[in-house]
């Protein structure tokens, strides 16, 4: 949700921007304190909801799997598999 993650740097393609959101996300990323991070992200979430940059019409159910002896596989929110940290157990 920040301009730093717009293409080609990353894959945030909503192109919504709000200085309050940018500041809150930056504050959350700059602290290791879980309470401060939670508070900062709550500010960002509230600002995004107040702006309502888009309306969610549906949500995909994502399903993935791997063998019991393989770890480190994860699905990103866009359903693309992330395999850089794959390992054998």
Total residues in the stretch 10-28, condition assigned to a loop (DSSP other than H, G, I, E, B) and more than 17 Å from residue 77 (Cβ to Cβ)
2
Out of all the residues in the stretch 29-74, which are touching a strand residue (DSSP E or B) at 6+ places or on another chain (Cβ under 7 Å), surrounded by 10 or more Cβ atoms within 10 Å (Cβ to Cβ) and part of a loop (DSSP other than H, G, I, E, B)?
62, 72, 73
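FYI, it's all coordinate maths here, none of it is from the lab. Fair warning: this is a prediction, and the values are worked out from it, not measured in the lab. Backbone-built Cβ (ideal geometry, glycine too); neighbour counts: all protein chains shown.
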